[in-house]
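Worksheet: one structure, shown below.
The values are calculated or read from the model by the stated rules, or taken from the named source; none is laboratory data. Fair warning: this is a prediction, and the values are worked out from it, not measured in the lab. Methodologically, a virtual Cβ is constructed for each residue, glycine included, from the backbone with ideal geometry; neighbour enumeration extends over all protein chains shown. Ligands, DNA and RNA are stripped out before the accessible areas are found, and what is left, the full protein with its side chains, is counted by its heavy atoms. Shrake-Rupley method; radii C 1.70, N 1.55, O 1.52, S 1.80 Å.
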Amino acid sequence: MMNCQEGLSKNSVVGLGLGQFLSLLITSTGLLSSELAKKGINAPTSQSFLNYILLALVYGGIMLYRRKALKAKWYYYVLLGLVDVEANFLVVKAYQYTSITSVMLLDCWSIPCVLLFTWFFLKTKYRFKKLVGVVICIAGLVIVIFSDVHSADRASGSNPIKGDLLVIAGATLYAVSNVGEEFFVKSADRVELMSFLGIFGAIVSAVQISILERSELKSIHWSAGAALPFVGFSVAMFLFYSGVPILLKISGSTMLNLSLLTSDMWAVLIRIFAYHEKVDWMYFVAFAVVTAGLIVYSVGDKMEENPAEVGDEEVEQSKHFDEEAVGRGNSCIISAAKNGEALPLLK
């Protein structure tokens, strides 16, 4: 009993820390994107393209070195790569039409979508305390948005309706991508997921760049000032994508999306200490509220799970994969379930 609880407690702490590291990475990508925008560079798909190339080279090389059979069908990764590329594209594109406040608010649409998709497709059960943690986190973000409206960001954008629709569509695709990654991380293989996401993400991005951003790339006057933010963005995204599967396996896609809510608060701290800007006091209240919500959500793992519940989840997971394992034999599945190992997807 004590060993189980201690393990869960450690996972909660690791999940909280890793979530904030990923949130800082997202903050850095936003700052680098703003630097590129100031230089007149507007090529969101091209920025993501380098990240997918890095994923394909690093994780693809590891996968080739291991020479293991695929645990999931390759065309599932094609769909995941397509969804991921378009999610990034739609949300970045929305900044051209609507305000930052609208993007921040509507991007939260990914959280209820993740809750719904994980409940329906992954059969994830959410306890009351976890839902309370979600509500607290969203309340913290609402405070940030209210502060923006109250103090500075009153611009509505050139076409707010179009921009808002783009954000909603992008947030929905983000939810689909996160839930898909969680499924593959827990049932297939992290290296396999990252390598194929990089390969097919790069292919989809290349096609899209050739159609939508070819003239934009030709007009860019490349210099150190333009290349460094471009490369920095790609490196930060590569680290972010590398850390996401780890957090998904530890805490799930809901915890990932909740953790990323603090990215705006980290941006505020950077503005204070790096640029010596003054910000509204409500930002600090919001940061504390979101942090409290994350802790409430994480503590639910330790306080509410017990060996009996964990056993029930393993039985349900075993039943799910039994349906896909006809013709492979049941002995391998039963052995994996007893050892607590992830059950493989069958081709």
Applying a 10 Å radius around every beta-carbon, put 162-171, 193-202 in order of their mean neighbour count, most first. 193-202, 162-171
With every protein chain in place, what's the accessible area of residue 222 (1.4 Å probe, Å², nearest 10)? 130 Å²
Could you work out the percent of alpha carbon pairs in segment 210-249 separated by over 15 Å, rounded to a whole number? 61 percent
Step through the residues of segment 49-64 one at a time and calculate ³J(HN,Hα) from phi using the Karplus curve (6.51 cos²θ - 1.76 cosθ + 1.60, θ = phi - 60°), rounding each to whole Hz and writing x for Gly and Pro. 4, 5, 5, 5, 5, 4, 4, 5, 5, 6, 6, x, x, 5, 5, 5
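For residue 228 and residue 13, compute 0.36 nm times the residue count separating them, minus their Cα-Cα distance, and round to one decimal in nm.
In short, 74.0 nm is gained.
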Shape call for segment 75-136 from the C-alpha gyration tensor, a ≥ b ≥ c root eigenvalues: rounded (a/c under 1.5), prolate (a/b greater than b/c) or oblate? oblate
Added length on full extension, which subtracts the Cα-Cα distance from 0.36 nm per residue, residue 131 to residue 207: 23.3 nm
From the backbone phi of segment 162-169, what are the Karplus-calculated ³J(HN,Hα) couplings (6.51 cos²θ - 1.76 cosθ + 1.60, θ = phi - 60°) in whole Hz, Gly and Pro given as x? 4, x, 5, 5, 5, 5, 4, 5
Normalise the Cα radius of gyration of segment 164-220 by 2.2 N^0.38 Å (N = residues in it) and let me know the number. 1.45
In 10 Å bins starting at zero, report the fraction of Cα pairs in segment 222-296 per bin as a rounded %. 16, 33, 35, 16, 1
What three numbers, in Å, describe the spread of the alpha carbons of segment 121-263 along their principal axes, ordered from the longest? 54, 46, 28
Per DSSP, loop GluC sites (Glu not before Pro) in segment 202-286 with at most 15 further Cβ within 10 Å: 277
Once fully extended, how much extra length lies between residue 123 and residue 38, figured as 0.36 nm per residue of separation less the alpha-carbon to alpha-carbon distance? 26.1 nm
Shape descriptors of segment 11-118 over alpha-carbon atoms, Rg and Dmax in angstrom, are 16.9, 48
Tell me the carbon and sulfur percent of the accessible area for segment 199-282, rounded to whole percent, probe radius 1.4 Å. 69 percent
Please calculate the 1.4 Å probe accessible area of residue 214, with all protein chains present, and give it to the nearest 10 Å². 150 Å²
